[in-house]
Amino acid sequence: MQTKGVDVPSLEMKKWFDTNYHYMVTRFAATTTFKLATGAANKPVAEFKEALALGIKTRPVILGPGLLKAAGATHVQIDEPVLVLDLTAQARAAFESAYAFLAPTLSGLDVTLATYFGGIAHHADLVAQLPGINTIHIDLVRSANQLDAVISAVKPTHKSVSLGLINGRNIWRADIHHALTLARHAIDALDGNHARVTVAPSCSLLHSPVSLAGETNGSLDDEIKTWLAFAVEKLAEVRLVQRALTEGSNAVADELVENHKAIASRRSSARIHNPSVKARVEALQPKDFTRPAEFPARWALQQAKLNLPAFPTTTVGSFPQTKEVRAARAAWKKEDLGLDMLVHGEFERNDMVEFFGELLDGYAFTKNGWVQSYGSRCVKPPVIFGDVARPKPMTVDMITLAQKMTPKPMKGMLTGPITMLQWSFVRDDQPRRTTAFQLALAIRDEVVDLEAAGIKAIQIDEPAIREGLPLRRVDYEEYLQWSVDAFKLSASGVRDETQIHSHMCYSSFEEIMDAIIRMDVDVLSIESAKSDLKLLSAFDTHAYPNHLGPGLYDIHSPRVPSVEEMVLRAKAILACLPHARQAWINPDCGLKTRGWTEVRESLRNLVTVACQLRESV
Ligand code: GLN
Ligand code: ZN
């Protein structure tokens, strides 16, 4: 909230590990002092008490250490997913000293240290020795092969293990037989001591929709529904595993048979497999992944057609989505802000992934499968259940209609294969790479059709490419190979004179610059204002060769950036780029969360900035 008379830019925003859940990056300095909030301001304690008053004694989950004992908690969970990453010797030492310091306060509480989204075998010894901890939670969905290492490290201690057997990050029904095999293996390794084993979902259920009970009136068809489990159903799966372990399989024989049937029906369903899609992926050749000419030659051909000025202005895609959209659209047609390359505004799209998913084969949709993305904002990821194919053109009518209304170039606007993959619930019965290539071929067909319809520039958004990066460095290369290949497959079906744009935001680039360069897009727009130009240094040090549009203003607040502010930022940007003439002028991201009044004013200022820059060079 903005206090009257105070003009503050918002905090930087980043994604939580490899999820699409965003958080504000808090800042502290060596001089910052920390103190425990009291009363309602202490959220974990206040919420624990709220549940307790309703008769539910919860196990509060906190990030790093906190105090709940006094409020009556007996069990506390401390999340330390950072343990799945590569840690420096310094960070490992900090774990030891922090927990040594905390141990006296934790005594008397049953404390679970939770890790997820990866394995902790590489830190098993460190974790097993931490004082004050009773149970170690591990994610066996992401990393089943950590089980032996963790158990052998933990076994000589008094600690227990919590087995994350039910996938909290996806929506498929669990294979209970497989979960039981892992659980029995763990119990055996602990000499049959059931008391040292807890059964749990792999991670927080925040990443999964609430309940299949919300999927009524044929929103998901009955067959597909039998293959799925949302949060409520996942808890029943946890309970089923626990009962099978404690009461024996016979006690839950019916449930186990039903689970087995559902798993088998999904595996063999003809709806999932499309031979022509599989054959197309099989037949791919190296030439399908590259453009014919190198960027400088392509640029010359594109300029011959587009004739853009220096510092071309454009926007990232969406325009405000208000109920007045129709009226605004009519007004927009008449309005000339002076932008050089236009977008149609994405008014027809509910969401940049769901919109395309609805037009592709192999996708299913939930009615209420919402998951939190940031703050009060939620997304409803579609479900990829089968081979993906594009039955017919998806955006060609809309973009050609928009192009007819203006002599300025109209950008085609598509979502890239990796973002489609990351922001959908994906199949777990084939490698992600295969699904990505199927998506890439569908998008490639659309790109080719847009070109044939006379569209000269096409933007293929990939805001999620960094988000999909594996958490351990050893796994980076493989992912970056296939994800960049998938993008290039989607983008390389066109002639050199067709300009390919892409857009990425709320990412960090240092570790993936080689991959970004290998994507070889003609123009890349990135968020940079919100993160205070921090992202740009990577483009500078790697001498980024193609054109780049670093965002000139943050689109997350209704604040209208002044010309002066954006000129200063633009100059700082130009100083960061290998060549000033590479620069495009655009906002950080799409504008659909904004209102028309501020968008109009902001874009008018943005165009003024570009004009001033042109005069100054
Ligand atoms: N083209 C999309 C839009 O402008 C991009 C959104 C995004 O990067 N998240 O809305
Ligand atoms: Zn964006």
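The values are calculated or read from the model by the stated rules, or taken from the named source; none is laboratory data. Predicted model, so just to flag it, every value in this text is computed and none were measured. No Cβ is skipped: glycine too gets one built from the backbone with ideal geometry, and neighbour counts run over all protein chains shown. For accessibility, only protein heavy atoms count, side chains too; no ligands or nucleic acids. Shrake-Rupley method; radii C 1.70, N 1.55, O 1.52, S 1.80 Å.
Given in Å, the Rg to one decimal and the Dmax to the nearest whole number for the Cα atoms of the stretch 109-156 are 10.1, 30.
Nearest 10 degrees, 0 to 90: what angle lies between the long axis of helix 432-452 and the longest principal axis of the chain (Cα atoms)? Rounded to the nearest ten degrees, it is 20. When only alpha carbons are used to place a centre, the stretch 379-421 and the stretch 519-577 end up 26 Å from one another.
Counting only aspartates and glutamates at least 8 places from Lys69 when in the same chain, those with an alpha carbon closer than 20 Å to its own are Glu47, Glu50, Asp79, Glu80, Asp110.
Each 10 Å bin from zero holds the following percent of Cα-Cα pairs in the stretch 471-525: 20, 54, 22, 3.
Mean sequence separation of contacting Cα pairs (under 8 Å, at least six apart), scaled by the length of the stretch 343-435, corresponds to a relative contact order of 32 percent.
Look at the alpha carbon pairs under 8 Å that are at least 6 residues apart: their mean separation over the length of the stretch 273-425 gives a relative contact order of 24 percent. Its relative contact order, with pairs defined as Cα atoms under 8 Å and 6+ residues apart, puts the stretch 387-535 at 26 percent.
Sorting Glu478, Glu258 on solvent-accessible area from highest to lowest, probe radius 1.4 Å, gives Glu478, Glu258. Taking all protein chains as they are arranged and a probe of 1.4 Å, the heavy atoms of Asp361 leave approximately 70 Å² accessible to solvent. With an a/c value of 1.5 or above and a/b not larger than b/c for the gyration tensor axes a ≥ b ≥ c computed over the alpha-carbon atoms, the stretch 438-591 is described as oblate. For the chain, the solvent-accessible area of protein heavy atoms averages 44 Å² per residue (probe radius 1.4 Å; ligands and nucleic acids excluded). Taking the Cβ-Cβ separation of Phe34 and Thr216 as r and a Förster radius of 35 Å, what is the calculated FRET efficiency to the nearest 0.05? E(calc), rounded to 0.05, equals 0.15.
Residues Arg291, Arg92 ordered from highest to lowest accessible area at a 1.4 Å probe: Arg92, Arg291. The tail of the calculated P(r) for the stretch 34-76, taken as Cα-Cα distances beyond 12 Å, holds 56 percent of the pairs. Note the angle between two axes, namely the Cα long axis of helix 295-306 and the longest principal axis of the Cα atoms of the chain, as a number of degrees from 0 to 90, rounded to the nearest 10. The answer is roughly 50 degrees. Averaging 1/r over each pair of different alpha-carbon atoms in the stretch 48-152 and inverting the result gives 14.5 Å, the Kirkwood hydrodynamic radius.
Using the alpha-carbon positions of the chain, Rg (one decimal) and Dmax (whole number) come out as 26.2, 81 Å.
Of all lysines in the structure, the ones whose alpha carbon falls short of 20 Å from that of Lys367, not counting any fewer than 8 places away in one chain, are Lys225, Lys234, Lys380. Taking 20 °C and 1.002 mPa s as conditions, the stretch 205-347 diffuses translationally at an estimated 96 µm²/s according to Stokes-Einstein applied to its Kirkwood radius (Cα pairs). Computed over the stretch 193-285, the P(r) curve from all C-alpha pair distances, binned at 10 Å from the origin, holds 13, 31, 32, 17, 7, 1 percent per bin. Computed over the stretch 261-317, the convex hull of the alpha-carbon atoms projects to a mean area of 8.3 nm². Within the stretch 477-567, the trypsin sites (Lys or Arg not before Pro) that combine a DSSP coil assignment with at most 13 other C-beta atoms in a 10 angstrom radius are Arg495, Lys534. The alpha carbon gyration tensor of the stretch 63-221 gives principal lengths a ≥ b ≥ c with a/c of 1.5 or higher and a/b greater than b/c, which makes the shape prolate. Helix 596-616 and the longest principal axis of the Cα set of the chain meet at an angle near 60°. If one computes the Cα centroid of the stretch 251-278 and of the stretch 11-39, what distance in Å separates the two points? Rounded to whole Å, the Cα centres lie 43 Å apart. Here Lys14 sits with roughly 40 square angstrom of accessible surface, probe radius 1.4 Å. Under a 5 Å amide H cut-off, with hydrogens placed 1.01 Å from N, Ile166 pairs with Ala200, Ser202 among residues at least 5 apart or on other chains.
The eigenvalues of the Cα gyration tensor, multiplied by 5 and square-rooted, give the stretch 353-418 an equivalent ellipsoid with semi-axes of 27, 18, 9 Å from largest to smallest. Placing unit charges on the Cβ atoms of the charged side chains and taking the dipole of the stretch 394-433 about its Cα centre, the candidate lying farthest along the positive direction among Val426, Thr406, Thr395 is Thr406.
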